[in-house]
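The values are calculated or read from the model by the stated rules, or taken from the named source; none is laboratory data. Just so we're clear, the structure is a prediction, and the values are computed from it rather than from any experiment. Virtual Cβ from ideal backbone geometry, glycine too; neighbours counted across all protein chains shown.
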Protein chains: 2
Amino acid sequence: MNWKLTLSYDGTDFHGWQVQPCHATIQGELFSAIERITGESVLPQGSGRTDAGVHALAQVASVELAAPIPPSNLVRALNRTLPAAIRILNAEHAPPDFHARHSVRAKSYEYRIFRGEICPPWLTRYVYALNWPVDIDKMQRAASFVIGERDFTSFAATDPDLSTRESDSDTPQNNIRTIFSSSWTEEGDLLIYKVRGNGFLHHMVRNLVGTFLDAGRSHIAPEDISTILEHRSRPAAGPTAPARGLFLNTVEY
Amino acid sequence: MNWKLTLSYDGTDFHGWQVQPCHATIQGELFSAIERITGESVLPQGSGRTDAGVHALAQVASVELAAPIPPSNLVRALNRTLPAAIRILNAEHAPPDFHARHSVRAKSYEYRIFRGEICPPWLTRYVYALNWPVDIDKMQRAASFVIGERDFTSFAATDPDLSTRESDSDTPQNNIRTIFSSSWTEEGDLLIYKVRGNGFLHHMVRNLVGTFLDAGRSHIAPEDISTILEHRSRPAAGPTAPARGLFLNTVEY
């Protein structure tokens, strides 16, 4: 039986999604929990890999299990077995050809920035606390320049091995992705970047945010984003924003 | 110059308030930060000691410093030096006789219980996730029986050394405290107990919550709280609720 699992996690205390020897990872914890519950040693496949410190509101994983276990029992058993920082929100039977990564049609991320003077201790794991003023209108304009089908080489991690390794969609091994929406919203002391696209390269959202912040500080002009994209070169773009502000929000199939 | 510091902290990664050799504590971190900033080795006094895992929205500490530093600079310098899990919200000059513990007139705590089916990973450090149904009306009634001036021996930690050590007010060394308000409120999936009193014994709020939960599960009747108080014996009351749901909210002077 093929399964579709939807899960939420606080990535702070994990070395990212992908299973690693000697390090706690989301995929590794899920593998161990499934093994403890069903006795089956099978590695669940995620919709994509999230980096160390990156969180998920609703990551999706697929896994093939022989055990005939009712979905609600599987949810309960997994949540009893997994660390509290990883929660299974839903488990459902999926068609045999469903694959959490291959079948992705769109993904949404959000990046949370805290702009207040003093960041509450309960938010520090989940936001990037900014210490300088930014011009939101400029960041908004900058964000609009990435909408559409574009080559995001300038916003991909430079290590070519890493870039391929972490590419989270099954589109051809190039750096062309389509962004459907890209904008900033303000919610109290939070400044939130929301982006939806058909796929994302390694570090892409964090590199976009770091570059939009350069626009917000007037280090670059909003329209420079177009030039940066044309360069197809990582050094053309801005710094990588910290992992802790990033959330994988939804995966669409 | 005598100072009044107001601070917020996530107690999860600390061994409580009180300075300890070889363990990170809130008081120890504050001591080190003050020493690094001013060169002065002085131990700040808290309004009371919080246990390992207990949080504070607005703990108060007093400390005597010789350094002539403007309040806003002290706040900034401390927040730059302290771990992000501890934030100084305010620093102000206080009268020479002000002492964070001796001068307390009232304190408020709240205890947060999560009752939803699946506890979001970002709440697990800050709530007690309940796995059984409770009758809130019974818990509300039970909570009303502790209002007034009463002997709270039944709700104090049994270790006599601990009980005295952690007693957080300067009222006489007995177990009589006055509770001004004590009630439960519901906020979405959260069930919150709020209590305000002139002082609290070691583990007192957590023991009250554990006992109110016994009433909520009909293990005891709400009016049994009166009998439990009369017993003046820890075994008469219910279990100690986990530290992670407890917040020191405000300290009044």
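Computed quantities for the displayed model
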{"item": "Considering residues of region B:67-99 that are in contact with an Asp or Glu (Cβ under 7 Å, 6 or more places away or on another chain) and modelled with pLDDT of 95 or more only, the residue nearest to the other protein chains (Cβ to nearest Cβ)", "result": "B:85"}
{"item": "Residues (without any contact (Cβ under 8 Å) to a residue 60 or more places away in the chain and surrounded by fewer than 20 Cβ atoms within 10 Å (Cβ to Cβ)) located in region B:30-66", "result": "B:31, B:32, B:35, B:36, B:37, B:38, B:39, B:40, B:41, B:42, B:43, B:45"}
{"item": "Yes/no for residue B:185 being modelled with pLDDT of 95 or more and surrounded by fewer than 18 Cβ atoms within 10 Å (Cβ to Cβ)", "result": "yes"}
{"item": "Unmet criterion (only one of (1) closer than 13 Å to residue A:85 by Cα; (2) more than 14 Å from every other protein chain (Cβ to nearest Cβ)) for residue A:55", "result": "(2)"}
{"item": "Total residues in region B:6-35, condition closer than 26 Å to residue A:12 by Cα, in a strand (DSSP E or B) and touching a strand residue (DSSP E or B) at 6+ places or on another chain (Cβ under 8 Å)", "result": "3"}
{"item": "Test for residue B:130: is it surrounded by fewer than 19 Cβ atoms within 10 Å (Cβ to Cβ), within 30 Å of residue B:68 (Cβ to Cβ) and within 14 Å of chain A (Cβ to nearest Cβ)", "result": "no"}
{"item": "Flag if residue A:8 is closer than 15 Å to residue A:85 by Cβ and buried (at least 20 other Cβ atoms within 10 Å of the Cβ)", "result": "yes"}
{"item": "Leading residue by the ranking (nearest to the other protein chains (Cβ to nearest Cβ)) among those in region A:110-127 that are in a strand (DSSP E or B) and over 19 Å from residue A:59 (Cα atoms)", "result": "A:114"}
{"item": "Flag if residue B:170 is more than 22 Å from residue B:230 (Cβ to Cβ), in contact with a His (Cβ under 7 Å, 6 or more places away or on another chain) and modelled with pLDDT under 95", "result": "yes"}
{"item": "Positions within region B:42-71 being within 18 Å of residue A:121 (Cβ to Cβ) and more than 23 Å from the chain's Cα centre (by Cα), in sequence order", "result": "none"}
{"item": "Residue check for residue A:58: touching a Cys at 6+ places or on another chain (Cβ under 8 Å) and not charged (D, E, K, R)", "result": "no"}
{"item": "Selection within region B:86-109 - in contact with a strand residue (DSSP E or B) (Cβ under 7 Å, 6 or more places away or on another chain), within 17 Å of residue B:43 (Cα to Cα) and in a loop (DSSP other than H, G, I, E, B)", "result": "B:96, B:98, B:99, B:100, B:101"}
{"item": "Residue among B:239, B:222 that is surrounded by fewer than 19 Cβ atoms within 10 Å (Cβ to Cβ), assigned by TED's automatic domain parsing to the domain that holds residue B:139 and touching a residue at least 12 places away in the same chain (Cβ under 8 Å)", "result": "B:239"}
{"item": "Tally, over region A:68-83, of residues that are closer than 24 Å to residue A:12 by Cβ and surrounded by 15 or more Cβ atoms within 10 Å (Cβ to Cβ)", "result": "6"}
